[in-house]
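Only one structure is covered here, and it is reproduced in the block below.
What follows is calculated from the coordinates using simple rules that are stated; it is not laboratory data. Since we're looking at a predicted model, the values are computed, not measured. Cβ atoms come from the backbone with ideal geometry, glycine included; neighbour counts cover every protein chain shown.
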Amino acid sequence: MLDSLTTEARNPASEMLDALTPAEIVQLINAEDAKVAAAVGEQSAAIASAIETISARLATGGRLIYFGAGTSGRLGVLDAVECPPTFNTDPSNVIGLIAGGLDALTSAIEGAEDNPQLGEDDLKSIGLTSQDSVVGIATSGRTPYVLGGLEYARQVGAFRVGLACNRDAELTTRCDVNIIPVVGPEVLSGSTRMKAGTATKMVLNMLSTGVMIQLGKTYGNLMVDLRATNSKLLARATRIVAVSTKLTEVAAQQLLKDCNGEVKTAILSFHSGHPPDAARRVLHTCKGHLQQALATNKSS
């Protein structure tokens, strides 16, 4: 029942919410939001375990699939679509599914989240396999769409992660790893787009970023696999090359152009003296890990 869920409970701190001034509302929401990071931190071991398995599966051809309904589904789709420009991943590597389809990103689709068969059907539609990893996102932990999808993923043999914000969430019985940041009652009762949504976004940030780091998509804390699809990202790519090579931005931009816009290729080409094609081959041998490619060059 919904009334037994922590996220649906009334928050004693906000029972007089409509009597507060704007300044008091902001202070209250901020104070409640401050509790979210600690709740996510308590799930560090589970998040790290999920990163380890998901990255290993992606490295051998698997995919990462997020799925959920409402806010949960939208946050999964958001994280998925940000991976190609940030990490230069193929759009098919990280996928976001939402109950009701793409129309549900901007409109409520009545009854979509209540149908477990839809969760199964959506995963079937993308050809889910035993190599894949799925993250079922449901603040309540009991959304039928997510439960149906997780049950199908279990049958297929996919790696299953459950993400919810309530203890004893029903989805935990269907998952290999469970991430359950318990953020407590919302300032506005039941409005889980607030603290629960913030916790969900934080966890998804950790999952996708952690996985991509494991796959060699970064160099130190630099975003060396970004796709320069607009002027802002081109400027960022140029700065990263300049910082990593000590070149001027003008020289870094020319080097980047010579390397077909590939940041890692440009950095390795500069430090190794290899032409772009040879640098690409070294990176391929090192499975895209720039740090390893640079170390290989030093030892050769």
Nearby aspartates and glutamates by direct alpha-carbon distance to residue 232 (threshold 20 angstrom, same-chain neighbours under 8 apart not counted): 79, 82, 249, 258, 262
message: Give the lysines reachable from residue 35 as a straight Cα distance under 24 Å; neighbours fewer than 8 places away on the same chain don't count.
response: 195, 201
statement: For segment 32-158, shape from the Cα gyration tensor axes a ≥ b ≥ c, cut at a/c of 1.5 then a/b versus b/c, turns out rounded
From the coordinates shown, Rg/Rh (Cα atoms, Kirkwood Rh) corresponds to which of (1) 1.22; (2) 1.05; (3) 0.92: (2)
query: Listed highest first by mean packing, meaning other Cβ atoms within 10 Å per residue, what order do 165-175, 276-286, 28-38 come in?
result: 165-175, 276-286, 28-38
query: Let a ≥ b ≥ c be the square roots of the eigenvalues of the Cα gyration tensor of segment 42-90; is it rounded (a/c under 1.5), or, if not, prolate (a/b larger than b/c) or oblate?
result: oblate
- prompt: Between residue 20 and residue 189, what FRET efficiency follows from the Cβ-Cβ distance if R0 is 22 Å, with the result rounded to 0.05?
  reply: 0.90
- line: Here segment 67-131 gives, from Cα atoms, an Rg and Dmax in Å of 12.2, 35
field: Partners for residue 264 among aspartates and glutamates (Cα-Cα distance below 13 Å; same-chain residues under 8 apart left out)
entry: 225, 277
- request: For a quick protection proxy, order the peptides 51-64, 219-232 by their average other-Cβ count within 10 Å, most packed first.
  value: 51-64, 219-232
The chain: relative contact order as a whole-number percent, Cα under 8 Å and 6+ apart: 19 percent
Principal-axis tilt of helix 70-87 within the chain, Cα atoms, nearest 10 degrees: 0 degrees
statement: FRET efficiency for residue 167 and residue 227 from the Cβ-Cβ distance with R0 = 41 Å, rounded to 0.05, comes out at 0.55
